[in-house]
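Here is the structure we will look at, set down as structure tokens.
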Amino acid sequence: MTKQNVVMQEELAVAVPTSAAIAEPSPCFSYPPPRAAGSGTNYTRYTKLSCRLDLASCGGGGRAANSWIESMKALSPTQAKSAAPREVPSLASREEEDYDSWMMLHPSALDNFEEVMTAAKGKQIVMFLDYDGTLSPIVDDPDRAFMSDEMREAVREVASHFPTAIVSGRCTEKVSSFVKLSELHYAGSHGMDIKGPNNGPKHPKAMAQNVLFQPASEFLPMIHEVYKSLVETTKSIPGSRVENNKFCLSVHFRCVDEKKWCLLAEKVRSVIMDYPKLRLTHGRKVLEIRPTIKWDKGKALEFLLESLGFDGCHDVFPFYIGDDRTDEDAFKVLRDRGQGLGILVTKIAKETNASFSLREPAEVLKFLRRLEEWKQSSQDGEAQ
């Protein structure tokens, strides 16, 4: 098989608005939400990271290696926060100021809950939720990313009122074993493995009782082959871990010494450079290998809306809540459709297609609880 360079796609350019860009805060948001940053909004770059990174030069150090390491640091808000007081005393306050300015364009979905629900009033809400970093905290051991009982109950209550789907990079079996709610839709492997609810609440317009869609089935033998090679190649790097997500692979380096990050990336590249039908990307302390097919979380969102009978409907209001760069595809779909809202879970300012924000899973829990209360209140009002 012909060797080809694998392009590392990175879209971590973080942006915050200048003070001139925000004359004064608006008391409420406009709907549909404005287009993504860059289309009519004046931004300054808080951190400029390369959009394409040639990993071939990573092992030899240099500018590309430094850019890659800096992008990894940018994806680790906990690390950045803990390092700030020791290295640059003013950095923490600067980051807080940047975040406050960023919040002017991506306000809290909790603080603006009533305005958000006014936009959704009279429409069929459909809920899409990422898992890691959204329903569960980010942890060192990916096999222990458990959601709390309180979060599970909140998701259960929301799903009893609205069609609800979990959209995750994890394989469907793994994420469903974490969530433990059979009445949900699950889109694992970044949407490449979609299954409908086995039982429980079901929307009457849904096309099939158990949706099953696997657009990357032909890649299964290749993924399995690469998985075995990655396990063998990376075992010499302490803390690294390869996770088989069925239609994609994740190489976790949350527990890897920072000095070894570039070496790990080079080892991963050395394995997949013989597989031009696979692409390498990275997120929060993870390298991800996926098929090059045109399929992502945004495509999965559209497929599920169609499966639920909402294709072309104007009275549907999808919410998508996620924390990682892979969720941006879904946020963009909602913006392009001019329908529903994307909510980014983050404690740091970053460029995003989401319209609103929440800081952490604890705020996601509060939002889901308020959504359930809002629905109950609406039903009570209709009954009177």
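Computed quantities for the displayed model
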| item | result |
| --- | --- |
| Amide H within-cut-off set for Ile166, under 5 Å, with H built and near neighbours excluded | Leu129, His185, Tyr186, Ala187 |
| Relative contact order [Cα under 8 Å, 6+ residues apart], region 258-299, whole percent | 25 |
| Region 184-300: relative contact order in percent, alpha carbon pairs under 8 Å with at least 6 residues between | 25 |
| Among the listed pairs Lys235/Lys259; Lys235/Lys260; Lys174/Lys195; Lys121/Lys180; Lys228/Lys285; Lys246/Lys277, those beyond 18 Å (Cα-Cα) | Lys121/Lys180; Lys228/Lys285 |
| Viscosity 0.890 mPa s, temperature 25 °C, Stokes-Einstein D of region 286-384 from Kirkwood C-alpha radius, µm²/s | 161 |
| Table column - 3J(HN,Hα) (Hz), region 269-282, Karplus curve with 6.51, -1.76, 1.60, x for Gly and Pro | 4, 4, 7, 8, 5, 8, 10, x, 8, 10, 10, 10, 10, 9 |
| Computed lengthening from Asp257 to Asp336, 0.36 nm per intervening residue step minus Cα-Cα distance | 24.4 nm |
| Cα gyration tensor category, rounded, prolate or oblate, for region 212-322 with a/c compared to 1.5 | prolate |
| Relative contact order (percent, whole number), region 319-377, Cα cutoff 8 Å, 6+ residue spacing | 27 |
| For region 103-113, Karplus couplings with θ = phi - 60° (6.51, -1.76, 1.60), whole Hz, Gly/Pro x | 5, 5, 9, 10, x, 5, 5, 7, 5, 10, 4 |
| Leading residue at positive end of dipole, region 277-333 (Cβ point charges), from Phe331, Thr281, Ser307 | Thr281 |
| Under 5 Å, built H, 5+ apart or other chain: amide partners of Val211 | Gly196 |
| Residues whose placed amide H lies under 5 Å from that of Thr352, excluding near-sequence neighbours | Ala37 |
| Protein-only accessible surface order, largest first, of Asp323, Asp311 at 1.4 Å | Asp311, Asp323 |
| Order of exposure, largest accessible area first, which applies to Met104, Met273, Met147 with probe 1.4 Å | Met104, Met273, Met147 |
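The values are calculated or read from the model by the stated rules, or taken from the named source; none is laboratory data. None of the values given here were measured: they were computed from a predicted structure. Don't worry about glycine lacking a Cβ; one is built from the backbone with ideal geometry, like all the others, and counts go over all protein chains shown. Remember, those area values only see protein heavy atoms, side chains included, never the ligands or the DNA or RNA. Shrake-Rupley method; radii C 1.70, N 1.55, O 1.52, S 1.80 Å.
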